[in-house]
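Have a look at the structure below, then the notes.
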């Protein structure tokens, strides 16, 4: 789907994106997620040099970690009390809710960030000999 924006609005979006050091698409995505998407008060998207992550606000704990423990059979109560005790139950439930709202996007991101994918990218960028040296496979 294509959306056509009036020129003044587009220019303002580009200015805001530049000020935030992100692309206009990333700026709009974050803006729309913040203002139009289902609200998740305990979850935020953060940008880093390695790309974006979805974490529990005020922590470095990724939503994917909470989901992983849930898939491993832990209850939300066990996650909050035993596994990740720095999180409260509301944070755990919000992370699980966020995952349900963005399941497709998060699963695609997880599939694109496996060790095998990173190894292949490293070999493509550096060549097999250098990549194996970095990976300790020589």
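Name the residue, out of 84, 126, that is in the same structural domain as residue 51 (by TED's automatic domain parsing) and modelled with pLDDT of 85 or more.
Matching residue, one of 84, 126: 84.
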Would you mind telling me which numbered condition in (1) without any contact (Cβ under 8 Å) to a residue 40 or more places away in the chain; (2) over 30 Å from residue 132 (Cα atoms); (3) in a loop (DSSP other than H, G, I, E, B) residue 113 fails? (2)
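Please count how many residues of the range 17-30 are part of a helix (DSSP H, G or I) and exposed (fewer than 14 other Cβ atoms within 10 Å of the Cβ).
Residues of the range 17-30 that are part of a helix (DSSP H, G or I), as a first pass: 17-19, 24-30.
Adding the requirement that they be exposed (fewer than 14 other Cβ atoms within 10 Å of the Cβ) leaves 18-19, 25.
Of the residues in that region, 3 qualify.
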Going through the range 31-60 one residue at a time, which ones are part of a loop (DSSP other than H, G, I, E, B) and under 11 Å from the mean Cα position of the chain (by Cα)? 50
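Could you say which residue among 102, 98, 93 is in contact with a strand residue (DSSP E or B) (Cβ under 6 Å, 6 or more places away or on another chain) and touching a residue at least 12 places away in the same chain (Cβ under 8 Å)? It would help to see each step written out before you state the result.
Values: 102 fails: in contact with a strand residue (DSSP E or B) (Cβ under 6 Å, 6 or more places away or on another chain); 93 fails: in contact with a strand residue (DSSP E or B) (Cβ under 6 Å, 6 or more places away or on another chain).
Checking each option against the conditions leaves just 98.
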Do you know which residues across the range 74-108 are outside any helix (DSSP H, G or I) and surrounded by 12 or more Cβ atoms within 10 Å (Cβ to Cβ)? 74, 75, 84, 87, 88, 102
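The values are calculated or read from the model by the stated rules, or taken from the named source; none is laboratory data. Only a predicted model underlies this, so the values are computations on that prediction, with no experimental measurement involved. Positions of Cβ are generated from backbone atoms using ideal geometry, with glycine treated the same way; all protein chains shown enter the neighbour counts.
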